[in-house]
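Okay, so here's the structure we're looking at.
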Amino acid sequence: MSDPVTTFTWSINTLERHTSSGIIFCVHYNINATDGTYSEGAYGSVGLLPPPEEGYDVIAYDDLTEELCVQWAKQALGDETIENIEKTLKDRLTEKRSPTKALGNPWAVTS
């Protein structure tokens with residue numbers, strides 16, 4: 001039996017910026033993974049490199065979009081880190097579908 005397709009949704013929790021310039025220096029993100037039945041999520045933050053001194057077009061803070069900030073976060077994280085995060089979430093979904101661990105006490109079994 002093959003694993004269900006996992007869908008990942010990235011969103012931005014909040015941004016940290018310099019008040020004097022409006023330049024973003026840290027992105028706090030959420031990732032939600034779902035297989036249609038179960039969901040798992042992760043939260044993280046990633047710092048952004050400062051812009052070069054010259055030749056850099058600053059996007060006004062009010063003009064930023066969530067899609068652009070997700071793109072910046074993914075670029076800062078890199079493909080390998082993204083793959084590791086998504087693999088961890090998929091592994092958690094697999095554990096939910098077919099548990100290999102359980103909690104409880106044998107003397108407190110209910111019927």
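Among (i) 98; (ii) 111; (iii) 170, which one is volume of the Cα convex hull per residue in Å³ computed from these coordinates?
The value computed from this structure is option (iii).
Rank these by accessible area, largest first, 1.4 Å probe: 91, 62, 35, 3. Write down the numbers at each step before the final one.
Numbers: 91 80, 62 140, 35 20, 3 105 Å².
Ranking 91, 62, 35, 3 by accessible area, largest first, yields 62, 3, 91, 35.
Tell me, what HN-Hα J-couplings in whole Hz come from the Karplus equation 6.51 cos²θ - 1.76 cosθ + 1.60 at θ = phi - 60° for each residue of region 75-84, using x for Gly and Pro?
4, 5, 6, x, 4, 5, 5, 4, 4, 5
Explain nothing, just compute: Karplus ³J(HN,Hα) = 6.51 cos²θ - 1.76 cosθ + 1.60, θ = phi - 60°, for every residue of region 91-103 in order, whole Hz, x for Gly and Pro.
For region 91-103, the Karplus curve yields 4, 5, 5, 4, 4, 5, 5, 9, x, 10, 9, 8, 10 Hz.
Looking at region 26-111, which GluC sites (Glu not before Pro) are in a loop (DSSP not H, G, I, E or B) and have at most 11 other Cβ atoms within 10 Å?
Here the sparse-neighbourhood loop sites are 53, 54.
Considering the options 107, 58, 88, tell which one lies farthest towards the positive end of the dipole of the chain, charges being +1 on Lys and Arg and -1 on Asp and Glu at the Cβ, about the Cα centre.
107
Could you give the dipole magnitude of the chain about its Cα centre, charging the beta-carbon of Lys and Arg +1 and that of Asp and Glu -1, in debye to the nearest 20? Write out the running numbers ahead of the final one.
Values: 8 positive and 17 negative charges, 162 e Å.
Roughly 780 debye, rounded to the nearest 20.
Can you give me the long-range amide H partners of residue 25? Hydrogens built in the peptide plane at 1.01 Å from N, cutoff under 5 Å, separation of 5 or more residues or another chain.
Placed amide hydrogens put 16, 17, 18 under 5 Å from residue 25.
Using a cut-off of under 18 Å, list every residue of region 64-80 whose amide N is near the label point 7 Å from the Cα of residue 42 along the Cα-to-beta-carbon line.
Only 70-80 fall inside the zone, counting backbone N under 18 Å.
Name the residue from 42, 98, 77 whose Cα lies farthest towards the positive end of the charge dipole of the chain, charges +1 on Cβ of Lys and Arg and -1 on Cβ of Asp and Glu.
Toward the positive end, the furthest listed residue is 98.
Charges at C-beta only: +1 for Lys and Arg, -1 for Asp and Glu. How large is the resulting dipole of region 46-111 about its Cα centre, in Debye rounded to 20?
Values: 7 positive and 13 negative charges, 207 e Å.
That gives a dipole near 1000 debye.
Provide the net charge surrounding residue 77, with neighbours chosen by a C-beta distance below 15 Å and charges set as Lys +1, Arg +1, Asp -1, Glu -1. Could you put the intermediate results ahead of the total?
Details: positive: 74, 87; negative: 79, 80, 83, 86.
Local charge sum for residue 77: -2.
The values are calculated or read from the model by the stated rules, or taken from the named source; none is laboratory data. Just so it is clear, the structure is predicted and the values come from calculations on it, not from any experiment. Methodologically, a virtual Cβ is constructed for each residue, glycine included, from the backbone with ideal geometry; neighbour enumeration extends over all protein chains shown. For the accessible areas, the whole protein counts, side chains as well, though only heavy atoms, and no ligand, DNA or RNA atoms are used. Shrake-Rupley method; radii C 1.70, N 1.55, O 1.52, S 1.80 Å.
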